[in-house]
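The structure appears right after this line, and notes come after that.
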Amino acid sequence: MLLKPQAIWAASLPLFLGRRLLPKSSPSTPHSGRRLPLRPICKRRMSAQAEPRFAPLPTAQSEPDAGADGYQFRLVSYNILAQVYVKSAFFPHSPSASLKWKARSKAVLTELKSFNADLMCIQELDEYETFYRKNMESSGYSSIYVQRSGDKRDGCGIFYKPKSVELLQKEVIHYNDLVETCHLNDNVISAPSNNSSPSEESSGKEDNKKRGDPNDPRVRLKRDCVGLLAAFKLGDPCEHILIVANTHIYWQVK
């Protein structure tokens, strides 16, 4: 079982090869005092386009033995970083060409397919309907997906191979709906949404009181986060039931 691979972006640029210079005419005598004309014997233009690639992941030394009554399957969990959060300011070490959707989407898709997993739990999944769903279907995957509430464009998805597992039931979780209403001096307080801008978040102590105590877990939990629960029947002779959970909890260092 393969869990939580970590993706590392790198730029692939051709190395600068030294230019060896040879005399254009036949060599002169060492003490002739005459300079020989020189010309380059090779010309190569450096590519300005940086192609995103992933660092190779270590492979298992040996395949696990499922035993006579066992059943092997591969499960992958991957946070692919939503394209809406891919900004040069956040990743100054990455070439801008590697951050563009056209190049990055192809690299991520190729990486996901290379795992050959039976089940994949993907976080920060955006462009689901326009890109990932149809491209993964062409590789034999079905999928379920939940988008974050509000104006968020990303969400969580589970891709699975129908030939390996059968989807029995799914449950969508919106954490906002699980948060109890906060009260302050008998007044209802709406927990802050992740949609607020930095200026809104720093509008003063009076505004913070209206938002509620940031240390209150009910306030901190209301961040438009979502989750998926799904029950699958494995393709083994015993038809075991597997419960898969996929979620992404909003994190803020402050």
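The values are calculated or read from the model by the stated rules, or taken from the named source; none is laboratory data. Since this is a predicted model, take the numbers as computed values, not measurements. Note: ideal-geometry Cβ built from the backbone for every residue, glycine included; neighbour counts use all protein chains shown.
So here's what we get for this one:
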{"item": "Exclusive hit being touching a residue at least 40 places away in the same chain (Cβ under 8 Å), hydrophobic (A, V, I, L, M, F, W, C) and out of contact with any helix residue (DSSP H, G or I) (no Cβ under 7 Å at 6 or more places or on another chain), set 89, 117", "result": "117"}
{"item": "Residue within region 70-81 that is loosely packed, with under 15 Cβ neighbours inside 10 Å, modelled with pLDDT under 95, farther than 18 Å from residue 54 by Cα and not aliphatic (A, V, I, L, M) present", "result": "yes"}
{"item": "Residue within region 146-165 that is assigned to a strand (DSSP E or B), acidic (Asp, Glu) and more than 21 Å from residue 235 (Cα to Cα) present", "result": "no"}
{"item": "Candidate set: region 137-157, residues that are in contact with a helix residue (DSSP H, G or I) (Cβ under 7 Å, 6 or more places away or on another chain) and either hydroxyl-bearing (Ser, Thr, Tyr) or farther than 16 Å from residue 245 by Cα (or both); chosen: the one surrounded by the most Cβ atoms within 10 Å (Cβ to Cβ)", "result": "154"}
{"item": "Qualifying residue in region 104-112 (condition: under 22 Å from residue 241 (Cα atoms), β-branched (Val, Ile, Thr) and touching a residue at least 24 places away in the same chain (Cβ under 8 Å))", "result": "no"}
{"item": "Qualifying residue in region 175-185 (condition: assigned to a strand (DSSP E or B) and at pLDDT 70 or above)", "result": "no"}
{"item": "Residue that is in contact with a helix residue (DSSP H, G or I) (Cβ under 9 Å, 6 or more places away or on another chain), crowded, with 18+ Cβ neighbours inside 10 Å and not aliphatic (A, V, I, L, M), where the choices are 132, 160", "result": "132"}
{"item": "Within region 88-129, considering residues that are charged (D, E, K, R) and closer than 19 Å to residue 53 by Cβ, the one surrounded by the most Cβ atoms within 10 Å (Cβ to Cβ)", "result": "104"}
